[in-house]
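A.B. asks: Shown below is the structure under consideration.
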Amino acid sequence: MYAGGFGMFSGGIYINPIKNTEITFTSGYTPKHFGAIWTINGLLSYNIWKIKLNSHWEIHPFNAGAFLNLNIGKNIYFNYPSKYPDDYYWWNQAVRYGPFVHSELKYIPDKGNLNYKFFFQTSTNDLYIASYGFNRSSIYLHEIFVFGFGIKVERQDIKRPFIE
Amino acid sequence: MRKIIDFLFCIALFFSSGCDQFDYNTYQTDVYDGHLELKTNYNIERLLGKPRKDTLKIVFTGDTQRFYDDLEDLVEEVNDILDLDAMIITGDITDFGIGREFKWINKELLKLKVPLLTVIGNHDCIANAKEIYREIFGPLDYSFTWNDVRFVMHNTNSREFAFNGTVPDLNWMQQQVIDTAYFKGCIFVSHVPPDNADFDKALEIPYASLLKNTGKTIFSSNGHNHNHRIGELYNDGITYINTSSPQNRIYALVTVYPYATDKKFDCVFVPF
């Protein structure tokens with residue numbers, strides 16, 4: 001996956017424990033020029049809407065859910081260091097969470113054992129929502145969204161997709 | 001089918017070219033294209049390019065963090081002040097120290113008609129915000145002389161630097177005011193006032209002495225407290241003006257008289 005707040009690039013695995021539900025774990029990296037930040041991400045989503053175009057193509061416009069994003073980098077603290085009194089800053093810097101939507105285009109080829117899903121991710125996080133909350137005049141809703149896109153590959157036989 | 005793929009590609013291209021919201025990370029640096037109008041050096045040049053005058057009129061505000069709507073109103077108000085020379089923000093431009101916040105704040109600041117000068121606040125030091133601050137505005141400590149007034153803009157966020165003894169940088173400050181023959185008055189601007197727990201206790205008295213010993217200090221201005229306050233902190237003749245956050249709908253309008261022999265400045269707190 002490219003961008004989306006999880007790194008310049010991120011990748012991992014996902015599973016379908018229940019029909020239409022995806023649980024995804026990824027890790028990503030943002031290069032040094034942009035701050036040298038690693039992420040570990042967990043995503044849980046449910047596909048609300050499926051449009052079957054033909055035997056090869058499907059559109060899933062609204063595969064929606066929530067993510068938890070752990071950031072690891074210099075000066076990004078999970079526990080604030082001792083120089084700060086307790087609750088000096090009220091939010092956890094390392095952990096971000098928020099809602100997201102994957103808009104997907106699924107390709108089911110004739111040959112082979114793999115399906116491909118091209119997805120576009122729209123998300124926001126707790127800090128952006130907190131910023132938007134009291135500033136409806138100066139911040140437009142679309143300005144709190146973060147975009148990314150990527151590809152998921154799944155195996156047809158076991159219906160347990162394995163790579164993102 | 002081909003049409004659908006083409007359509008989706010167009011949407012993807014539109015988003016990637018027309019919008020800058022493909023963030024790699026919430027805390028990433030290099031988030032901003034950079035606007036000359038926000039650069040410290042550019043704004044100093046704008047000030048120095050003005051004709052010489054007897055009175056300088058400056059708006060002081062601070063702690064704009066997450067009060068975007070209030071800042072929007074403030075900028076509108078400030079743009080209507082006659083003969084205004086500059087606006088100064090006494091730090092805490094952002095709340096979480098993240099790039100998106102700088103984008104949102106800067107959207108408002110770019111509407112400002114007069115030159116803008118800033119100092120860094122403690123919230124602008126966390127995560128990667130120091131780097132972003134440098135990219136957008138410039139150095140954390142700087143000084144310049146405008147209309148015979150020496151402005152010493154400096155970083156006093158001692159706690160963010162773990163009280164390591166270098167913030168505020170007293171040696172640097174001393175160097176900025178050593179050539180007293182070349183200015184008529186001196187204004188110190190920083191974020192954390194010296195009587196605050198976030199200021200390095202070991203440096204508090206030397207700092208206050210430095211301000212007094214220039215012999216030409218007009219006043220010092222700080223933020224951090226969000227509420228306006230004016231007065232002496234050490235009974236040494238040095239006035240400290242604490243700016244209000246736009247959240248409290250008050251700004252400080254300061255008029256400086258560099259060539260006056262007695263009263264060197266006036267400060268009124270104006271509601272908006």
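The values are calculated or read from the model by the stated rules, or taken from the named source; none is laboratory data. The shown structure was predicted, so the numbers you read here are calculated from the model rather than taken from an experiment. Ideal geometry is used to build each Cβ from the backbone, glycine not excepted, and the neighbour counts take in all protein chains shown. Each accessible area value is taken on the protein alone, full model and side chains, heavy atoms only, with ligands, DNA and RNA left out. Shrake-Rupley method; radii C 1.70, N 1.55, O 1.52, S 1.80 Å.
A.B. asks: Tell me which residues come under 5 Å, amide H to amide H, from B:Ser221 once H is placed; ignore anything under 5 positions away on its chain.
C.D. replies: It is B:Phe188, B:Val189, B:Ser190, B:Ile241, by chain and number.
A.B. asks: As a test of reading the structure, rank A:Thr122, B:Thr64 by solvent-accessible area (1.4 Å probe, protein chains only), most first.
C.D. replies: A:Thr122, B:Thr64
A.B. asks: Right, another one. Which value does Rg/Rh take for the range B:30-271 over its C-alpha atoms, Rh per Kirkwood?
C.D. replies: 0.93
A.B. asks: Which residues in the range B:48-65 have a backbone N closer than 15 Å to a point placed 7 Å from the Cα of B:Asp83 along the Cα-to-Cβ line?
C.D. replies: B:51-59
A.B. asks: Leaving ligands and nucleic acids out of the surface, order B:Lys107, A:Lys111, A:Lys19 by accessible area at 1.4 Å, largest first.
C.D. replies: Sorted by accessible area, descending: A:Lys111, A:Lys19, B:Lys107.
A.B. asks: Sticking with this one: Nearest 10 degrees, 0 to 90: what angle lies between the long axis of helix B:2-18 and the longest principal axis of chain B (Cα atoms)?
C.D. replies: Taking Cα atoms only, the helix is inclined about 10 degrees.
A.B. asks: Continuing with the same structure: With a 1.4 Å probe and all protein chains kept in place, how do B:Ile230, B:Ile105 rank by accessible area, largest first?
C.D. replies: The most accessible residue leads, giving B:Ile230, B:Ile105.
A.B. asks: In addition: For each pair in B:Lys113/B:Lys184; B:Lys111/B:Lys216; A:Lys83/B:Lys201; A:Lys50/A:Lys152; B:Lys57/B:Lys113, compute the distance between the two Cα atoms and list the pairs where it is over 24 Å.
C.D. replies: Beyond 24 Å: B:Lys113/B:Lys184; B:Lys111/B:Lys216.
A.B. asks: Expected output is a single nm value to one decimal: the length gained when fully extending between A:Arg155 and A:Tyr46, i.e. 0.36 nm times separation in residues minus the C-alpha distance. What is it?
C.D. replies: The span from A:Arg155 to A:Tyr46 would gain 37.4 nm if fully extended.
A.B. asks: Given a Förster distance of 56 angstrom, what is the FRET efficiency for B:Glu232 paired with A:Leu114, based on the Cβ-Cβ distance and rounded to 0.05?
C.D. replies: 0.15
A.B. asks: OK, next. Please report, in debye to the nearest 20, how large the charge dipole of chain A is about its Cα centre when each Lys and Arg carries +1 at its beta carbon and each Asp and Glu carries -1 there.
C.D. replies: Approximately 300 debye in magnitude.
A.B. asks: Just the accessible area for B:Asp20, please: 1.4 Å probe, Å², rounded to the nearest 10?
C.D. replies: The accessible area of B:Asp20 comes to roughly 90 Å².
A.B. asks: Provide the solvent-accessible area of B:Leu48, counting protein heavy atoms only and rolling a 1.4 Å probe, rounded to the nearest 10 Å².
C.D. replies: Around 90 Å² of this residue is reachable by solvent.
A.B. asks: Could you check how much of the accessible area of the protein assembly as shown is carbon and sulfur, as a whole percent, using a 1.4 Å probe?
C.D. replies: Of all accessible area on the protein assembly as shown, carbon and sulfur atoms account for 58 percent.
A.B. asks: Let me ask another. Between chains B and A, what is the buried accessible area in Å², counting both sides, with a 1.4 Å probe and ligands, DNA and RNA left out, to the nearest 100?
C.D. replies: Using a 1.4 Å probe on protein heavy atoms, the buried area is about 4000 Å².
A.B. asks: Specify whether the C-alpha gyration tensor of the range A:53-139 places it in the rounded, prolate or oblate class, a ≥ b ≥ c being the square roots of the eigenvalues: rounded for a/c under 1.5, otherwise prolate if a/b is larger than b/c and oblate if not.
C.D. replies: oblate
A.B. asks: On a 0 to 90 degree scale, rounded to 10, what angle separates helix B:68-78 from the longest Cα axis of chain B?
C.D. replies: Roughly 50 degrees between the two axes.
A.B. asks: Treating the beta-carbon of each Lys and Arg as +1 and of each Asp and Glu as -1, no other charges, what is the dipole magnitude of the range B:30-271 about its Cα centre, to the nearest 20 debye?
C.D. replies: For this selection, approximately 600 debye.
A.B. asks: To continue, here is another question. Enumerate the amide H contacts of B:Asn79 below 5 Å, restricted to partners 5 or more residues apart or on another chain; note that Pro and chain-start residues carry no placed amide H.
C.D. replies: Under 5 Å from the amide H of B:Asn79 lies no amide H from a residue far enough along the sequence or on another chain.
A.B. asks: Taking every DSSP beta bridge that has both residues in the range B:30-271, what percent is antiparallel when rounded to the nearest 5?
C.D. replies: Close to 50 percent.
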